[in-house]
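Here's the structure we're looking at; comments come further down.
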Amino acid sequence: MGQRVTSYVMPSCMPPKKKFDLKNPKMKLKEQVFFDENESIRTCSDTETVFHTPKGMGARSCSDSPDSTQIEGKLGGITTRAEGKYPTAVHGQLSALKPPKITEIPGSNFNLRIGPNYSIEGKKAASGPALYNLRAVDIIEHKRKIAHISRFFDRSEVKLDEKEDVTEGGYVNGLPRFFIVTYMLPSYAPGFFSSSKRDGHGYTVIFCFVLSKRSLVESKDTKGAIKVLRKFCAVDPNVSDKQRGKNLWKNIVKVVNYEKLGLGMFLNQYIKRYNAKPWLSRNPDMHKFKGDNYYEVDLDIHVYNLVGLKFMHSLQPYVPTLVLDIGFCVQSEEDDEMPETILGCIRLSDIRYDKDSLKVNWDMYSKRF
């Protein structure tokens with residue numbers, strides 16, 4: 001009973017999932033499929049097909065799948081890479097729409113921790129420039145949530161700025177060249193209990209950040225935000241929160257224009273209370289993956305508490321009118337880790353999920369297996 005009450009009132013998500021242990025972070029379409037306690041299946045397919053593993057069967061190898069050469073060409077209208085292993089599902093489509101729906105904003109839009117003695121003084125100040133530059137944004141519609149989205153696109157498709165971005169290499173002094181962050185958003189109404197439904201139709205918003213040359217120069221620093229991020233990326237993605245330590249993933253979302261929208265009392269009060277206030281993500285609602293030149297963080301909104309899910313669902317009709325400032329960082333704790341610095345940030349506006357989402361025919365994709 002205590003756990004159920006906790007899951008109802010706390011912003012973190014419970015019950016904890018079984019360990020999501022990807023044995024090979026570079027897995028392509030031939031992979032192993034894992035499940036967690038809420039029966040949400042992490043796999044490259046997005047439908048109830050043989051590629052999914054029913055709960056109770058554990059992980060199975062997809063050794064009976066056809067060779068990748070059999071799936072070359074187009075999958076649901078999305079051209080695969082030359083080796084026929086990826087549909088290029090993410091390549092900045094949203095950023096190409098007019099009028100601009102994404103805007104680069106300075107890190108100074110966000111107030112973060114500064115030292116010394118933050119635990120006592122509690123002082124914050126405007127962040128310095130972001131460590132990573134935003135270079136692509138996409139929205140993907142799906143029938144079931146999909147983790148590790150980086151498997152499904154060719155990052156060479158992302159347009160880089162040669163003056164501002166690190167344009168080649170994998171990990172530089174412990175920092176990945178690409179940082180991929182996703183919000184896995186449910187479109188369905190939440191159940192009476194937050195744990196009654198944790199998967200279904202929704203949208204994944206994908207942010208692709210690229211290491212800045214400014215950060216490259218600072219990447220050998222042994223203190224400050226660079227030190228914190230390097231330590232975060234060095235830890236095995238599958239470790240427990242306790243093993244990871246105090247440097248947790250931090251999210252900040254600010255609804256810039258909510259006072260002008262005429263929202264109802266519930267939405268106004270909720271936004272006013274939590275607007276621009278950071279919240280931390282832990283293993284139950286966050287999945288992490290490490291590739292040859294990227295680090296990915298997936299934020300699973302499907303498993304949030306009931307009040308948060310009801311807020312998100314009630315806000316859906318107003319999404320096209322919202323102006324959102326979104327930022328991410330890894331939390332600093334000690335004096336030699338200060339000041340905190342935004343990892344990456346963005347402003348979104350006029351987002352219409354039905355029109356702006358990339359249409360990937362996951363049914364056709366999964367039938368190839």
Test for Arg230: is it touching a strand residue (DSSP E or B) at 6+ places or on another chain (Cβ under 7 Å), of a type outside the set (A, V, I, L, M) and within 25 Å of Gly115 (Cα to Cα): yes
When (1) over 15 Å from the mean Cα position of the chain (by Cα); (2) farther than 14 Å from His302 by Cβ are applied to Ile140, the one that fails is (1)
When both residues are 6+ apart or on different chains and their Cβ atoms are under 6 Å apart, which pairs have a first residue that lies in region 149-160 and is open to solvent by 20 Å² or more (accessible area, probe 1.4 Å), and a second that is at pLDDT 85 or above and part of a loop (DSSP other than H, G, I, E, B)? Leu160/Thr167
Any residue at all in region 292-299 that's open to solvent by 10 Å² or more (accessible area, probe 1.4 Å), within 25 Å of Arg177 (Cα to Cα) and not hydroxyl-bearing (Ser, Thr, Tyr)? yes
Subset of region 225-247 [assigned to a loop (DSSP other than H, G, I, E, B), more than 19 Å from Ala130 (Cβ to Cβ) and touching a residue at least 40 places away in the same chain (Cβ under 8 Å)]: Pro237, Asn238, Ser240, Lys246
Within region 320-347, how many residues are under 20 Å from Gly262 (Cβ atoms) and in contact with a strand residue (DSSP E or B) (Cβ under 8 Å, 6 or more places away or on another chain)? 3
Please work out which residue is nearest to Tyr132 (Cα to Cα), limiting yourself to region 184-198 and to residues that are touching an Asp or Glu at 6+ places or on another chain (Cβ under 9 Å) and crowded, with 20+ Cβ neighbours inside 10 Å. Met184
So, Ala130, is that one open to solvent by 10 Å² or more (accessible area, probe 1.4 Å) and more than 20 Å from the chain's Cα centre (by Cα) or not? no
What residue, of Val210, Val253, is in contact (Cβ under 8 Å) with a residue 12 or more places away in the chain and over 14 Å from the mean Cα position of the chain (by Cα)? Val210
If a residue has to be of a type in the set (Asp, Glu) and open to solvent by less than 30 Å² (accessible area, probe 1.4 Å) to count, how many in region 328-360 make the cut? 3
Which of the residues that make up region 198-224 are assigned to a loop (DSSP other than H, G, I, E, B) and under 15 Å from Val166 (Cβ atoms)? Ser219, Lys220
Considering every residue within region 257-275, establish whether at least one is assigned to a loop (DSSP other than H, G, I, E, B) and open to solvent by 50 Å² or more (accessible area, probe 1.4 Å). yes
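The values are calculated or read from the model by the stated rules, or taken from the named source; none is laboratory data. Given the structure is predicted, the values throughout are model-derived calculations rather than measurements. Note that each Cβ is placed from the backbone with ideal geometry, even for glycine, and that neighbours are counted across all protein chains shown. To get the accessible areas, we keep the full protein, side chains included, count just its heavy atoms, and leave off ligands, DNA and RNA. Shrake-Rupley method; radii C 1.70, N 1.55, O 1.52, S 1.80 Å.
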